[in-house]
Amino acid sequence: MTGLLRDRTIVIVGAGPGFGRTLALRAAEEGATVVVAARTSSRLDGIVDEVREAGGSAIAAAVDATDPESVRALRDTVAGHTDAVHGLVYSAFSVPSMRPLAETDHDQIARGIDLSVLGALRATQEFTPLLEAGAGEGSPSSVVMMASAVIHHSRERYAGYKIAKTALVALGHSLATELGPRGIRVNTVAPGYIHGDTLTAYFEHLAAKYGGTVDDVYAHTAAKMDLRRLPTEREIVDPVLFLLSDAASAVTGQTLTVDCGEFHT
Ligand SMILES: NC(=O)c1ccc[n+]([C@@H]2O[C@H](COP(=O)([O-])OP(=O)(O)OC[C@H]3O[C@@H](n4cnc5c(N)ncnc54)[C@H](OP(=O)(O)O)[C@@H]3O)[C@@H](O)[C@H]2O)c1
């Protein structure tokens, strides 16, 4: 622990069992009070228990990022605990349609945009006053939105996901321009793969569909990376901690790709 986020309040919207849980634990380890928010209260309570058992500080708050009233209620809950927020991470995600565009109905694409893009905008809009209150001289507040390295390729069946995450990057650029004068930085992180349970379930699906084992799918996928392996959850989380911290106080409007070297951007 280096105290990178000491005395900061960090809100994670879309705190899942993989990335979100690891981020909550690491941010708390670095001194932050963490607010974990998603729809599944039982999981959030489990994350809070883990953080507290490790000596950290955390609060759970249910939210549906697609519901404006729910996001407002989250803001009110957080405002009941603190008058300033220093970091907001938006990572809400659900498995997108993997059909070719010709077979993808427009509602599926719209749902992906609603969750990934408008959800991030709703959360940022609601938390802007608290983030502004958290900004100090030479210590801007920070919004980090989770995109994907899908923005760098146009492989078949990834179109719906690519459309949503590319729009999220565009949102990040425009928010950085608008919120910079208010002391708020906005960046996106584009993980290639996150080697955890969500990805393993996807690899199990691919192994069942195309034959072979999960290890075969991993090896085939990792062969395209410069480092010949896939990033762990911790290796995605630590660059996010950097962007949340004052070590990145001059970094805004950027997309940081973290993918063991699959794409050179
Ligand atoms: N896993 C990968 O390999 C990978 C690769 C590239 C990019 N990414 C990106 O990295 C981020 C984290 O990925 P992950 O795999 O760790 O995801 P994850 O574990 O599935 O976590 C995302 C969480 O978002 C929450 N969520 C979904 N809909 C929501 C809603 N309407 N309102 C609030 N929360 C909602 C879900 O929790 P509830 O169901 O409890 O709401 C889910 O657990 C995502 O943005 C993803 O697109 C992941």
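Results, tabulated for the structure shown:
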item: Some residue of the range 114-124 being over 17 Å from the mean Cα position of the chain (by Cα) and either of a type in the set (Val, Ile, Thr) or in the same structural domain as VAL71 (by TED's automatic domain parsing) (or both); result: no
item: Selection from the range 68-91 of residues that are among the polar types (S, T, N, Q) and over 19 Å from GLY20 (Cβ atoms); result: THR82
item: Where ALA102 falls short, out of the listed (1) farther than 20 Å from VAL144 by Cα; (2) modelled with pLDDT under 95; (3) surrounded by fewer than 19 Cβ atoms within 10 Å (Cβ to Cβ); (4) near the ligand (Cβ under 9 Å from one of its atoms); result: (4)
item: Helices (runs of 4 or more DSSP H) enclosed by the range 127-228 - at least 1 residues per element that are within 11 Å of the ligand (Cβ to nearest atom) and in contact (Cβ under 8 Å) with a residue 40 or more places away in the chain; result: 159-179, 197-210
item: Test: residue in the range 108-116 that is within 18 Å of THR252 (Cα to Cα) and touching a Leu at 6+ places or on another chain (Cβ under 7 Å); result: no
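The values are calculated or read from the model by the stated rules, or taken from the named source; none is laboratory data. On a predicted model such as this, the values are computed, not experimentally measured, just so you know. Positions of Cβ are backbone-derived with ideal geometry, glycine not excepted, and every protein chain shown enters the neighbour counts.
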